[in-house]
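J.: Attaching a single structure in structure tokens format; questions to follow.
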Amino acid sequence: MPGHSSTEPGPHDGVPARGVGKAEKKGQPWYIEIPMLVVIALVLVFVFQTFVGRVYQIPSESMEPTLHGCAGCTGDRIFVDKISYRLGDPEPGDVVVFKGPDSWNEGYQSIRSDNPVIRTLQNIGGVIGIVPPDENDLVKRIIAVGGQTVGGCAPDGRLLVDGQPLDEPYVNEEPTVVRNPLNCAFGPVTVPEGNYWVMGDNRNNSADSRFHMGDEFQGTIPEENVIGKVQAVILPFSRIGTVDSPDISVG
């Protein structure tokens, strides 16, 4: 009716005209977004490798047959867990990666370039975790812990810890006094508290604690040098599997 005003909404009432109102959100330009994604990825890699674990390559035969490696070849790649030893202490039988104390580093050659620019980039990559650290990281098996005495031979050639022969199913050769005297013919050494006596599974080809008994730690490894526990072989595909850490505690 003329003069009558309706209070019912029309079909377009309350609907903003196209292009009017809040502007649509726009994404970041690619030249900002891509560097941001790269930085985030690097931060995640850094956090993971600093607090969770990282991958190492086996460079020698010292841990045969458990871990494969040889000079100048591509050895096993292993995952080293850094969380386990925040929740508990290393135990005899564990395979660990550790930083070599001073006496273990004789002959170690830096893996960094002589070019200062490249060396700086490598050092940054080492901090982030995308380049190996420039340090002598080694892998061995813990045989004895602080307070235990290691060394000496049982009649069958097995190694003694606290006077008792160890059952070591992981060694490269079954020990006998005649064939493998270095397996047990040393010491005995009492391991300082907070330290670890470590040996390679390939007893005839492992420059382990036996060869550093004259240093300040009697060949043992301080707890702070332990980086983490070897949990698995992740490459090559034919070798993928967990790494056994049998309980070889005595007493």
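Only the coordinates and a few stated rules stand behind these numbers; no lab work does. Everything numeric in this text was worked out from a predicted model, so none of it was measured. Neighbour counts are summed over all protein chains in view; Cβ atoms, including those assigned to glycine, are modelled from backbone coordinates with ideal geometry.
J.: Neighbouring Cβ atoms within 10 Å as the yardstick, rank Leu159, Leu44, Leu182 fewest first.
T.: Fewest to most other Cβ atoms nearby, the residues stand as Leu44, Leu182, Leu159.
J.: Given a cut-off of under 8 Å on Cα pairs at least six residues apart, what relative contact order in percent is computed for the range 30-242?
T.: Worked out over the range 30-242, it gives 25 percent.
J.: I've got another one for you. Angle check, please: helix 30-51 long axis (alpha carbons) against the longest principal axis of the chain (alpha carbons), in degrees 0 to 90, nearest 10.
T.: 30
J.: Then there's this: Pick from Ser113, Ser103, Ser60 the residue whose mean-square fluctuation is largest in a GNM of the chain, springs joining Cα atoms under 10 Å.
T.: The residue that fluctuates most here is Ser113.
J.: With springs only between Cα atoms under 10 Å, which of Gly228, Gly241, Gly219 fluctuates most in a Gaussian network model of the chain?
T.: Gly241
J.: Once you keep just the Cα pairs under 8 angstrom separated by 6 or more residues, what percentage relative contact order results for the range 45-126?
T.: Working: 67 pairs, mean separation 16.8, N = 82.
Dividing the mean separation by the residue count of the range 45-126 yields 20 percent.
J.: Now a separate question. Among Gly194, Gly27, Gly107, which one moves the most in a GNM of the chain with springs linking Cα atoms closer than 10 Å?
T.: Comparing Gly194, Gly27, Gly107 in a Gaussian network model of the chain, the most mobile one is Gly27.
J.: Out of the range 97-130, which chymotrypsin sites (Phe, Trp or Tyr not before Pro) are coil in DSSP terms and have no more than 14 other C-beta atoms within 10 Å?
T.: Taking the range 97-130 and a limit of 14 other Cβ atoms within 10 Å, the loop chymotrypsin sites (Phe, Trp or Tyr not before Pro) found are Tyr108.
J.: What net charge is computed for the residues neighbouring Ser60, neighbours being all others with C-beta under 15 Å from the C-beta of Ser60, Lys and Arg scored +1, Asp and Glu -1?
T.: Once all neighbours under 15 Å are counted, the net charge is -2.
J.: Quote the charge dipole size of the chain about the Cα centre in Debye, to the nearest 20; the model charges only the Cβ of Lys and Arg (+1) and of Asp and Glu (-1).
T.: Details: 19 positive and 32 negative charges, 230 e Å.
Roughly 1100 debye, rounded to the nearest 20.
J.: Give the longest segment of the chain that steers clear of trypsin sites (Lys or Arg not before Pro) in DSSP loops with at most 13 neighbouring Cβ atoms within 10 Å, not counting the sites themselves.
T.: 27-178
J.: Oh, and also: Need the full-extension length gain, Ile32 to Glu223, defined as separation in residues times 0.36 nm minus the C-alpha distance. One decimal, nm.
T.: 64.4 nm
J.: Shifting gears a bit: Mind listing the long-range amide H neighbours of Ile234? Cut-off is under 5 Å, sequence gap 5 or more, other chains count too, H placed in the peptide plane at 1.01 Å from N.
T.: So Ile234 has HN proximity to Arg77, Ile78, Phe79.
J.: Using Cα atoms only, what is the angle between the long axis of helix 116-128 and the major principal axis of the chain, expressed in degrees (0 to 90) to the nearest 10?
T.: 80
J.: If you add up the charges near Pro133, with Lys and Arg at +1 and Asp and Glu at -1, over every other residue whose beta carbon is less than 11 angstrom from its beta carbon, what do you get? All intermediate terms of the calculation are to be shown ahead of the outcome.
T.: Details: positive: Arg54, Lys99, Arg112; negative: Asp134, Glu135, Asp137.
Its environment carries a net charge of 0.
J.: In which sequence would Val45, Val96 go, from the one with the fewest C-beta neighbours within 10 Å to the one with the most?
T.: Fewest-to-most ranking of Val45, Val96: Val45, Val96.
J.: What does the helix-only formula give at 222 nm for the chain: each DSSP H stretch with n ≥ 4 adding -39500 (n - 2.57), the total divided by the residues, and the result rounded to the nearest 500 deg cm²/dmol?
T.: That comes out to -5000 deg cm²/dmol.
J.: Put +1 on the Cβ of each Lys and Arg and -1 on the Cβ of each Asp and Glu in the chain; which of Ile111, Thr66, Gly93 then has its Cα farthest toward the positive end of the dipole?
T.: Ile111
J.: Could you check the simple spin-label distance between Glu173 and Ile83, using points 7 Å along Cα→Cβ, in nm with one decimal?
T.: Taking the two extended label points, one gets 4.1 nm.
J.: With a/c under 1.5 counting as rounded, go ahead and sort the range 95-141 into rounded, prolate or oblate using the C-alpha gyration tensor (a ≥ b ≥ c being the square roots of the eigenvalues; past the cut-off, prolate if a/b is larger than b/c, else oblate).
T.: Working: a/c = 3.67, a/b = 1.66, b/c = 2.21.
Here the range 95-141 falls in the oblate category.
J.: Take each of the peptides 34-40, 149-155, 211-217, average the number of other beta-carbon atoms within 10 Å over its residues, and list them starting from the highest.
T.: The densest-packed peptide leads the list: 149-155, 211-217, 34-40.
J.: Here is a further query. Taking the Cβ of each residue in Phe51, Phe186 as the centre, tally the other Cβ atoms inside 10 Å and list the residues starting with the fewest.
T.: Fewest to most other Cβ atoms nearby, the residues stand as Phe51, Phe186.
J.: Would you tally the net charge around Lys99, using a Cβ to Cβ cut-off of less than 9 Å, leaving Lys99 out, and scoring K and R as +1, D and E as -1?
T.: Charge balance in the 9 Å sphere: -3.
J.: Taking the structure as given and computing Rg and Dmax of the Cα atoms in Å, which label from (1) 29.3, 121; (2) 17.6, 52; (3) 21.1, 64 fits?
T.: (1)
J.: Turning to a different aspect of this structure: Full extension from Glu106 to Ala154: what is 0.36 nm times the residue separation minus their Cα-Cα distance, to one decimal in nm?
T.: Stretched fully, the Glu106-Ala154 segment lengthens by 14.0 nm.
J.: Right, something else. Assuming R0 = 35 Å, what is the FRET efficiency of Leu44 and Ala207, from their Cβ-Cβ distance, to the nearest 0.05?
T.: Computed FRET efficiency for Leu44 and Ala207: 0.45.
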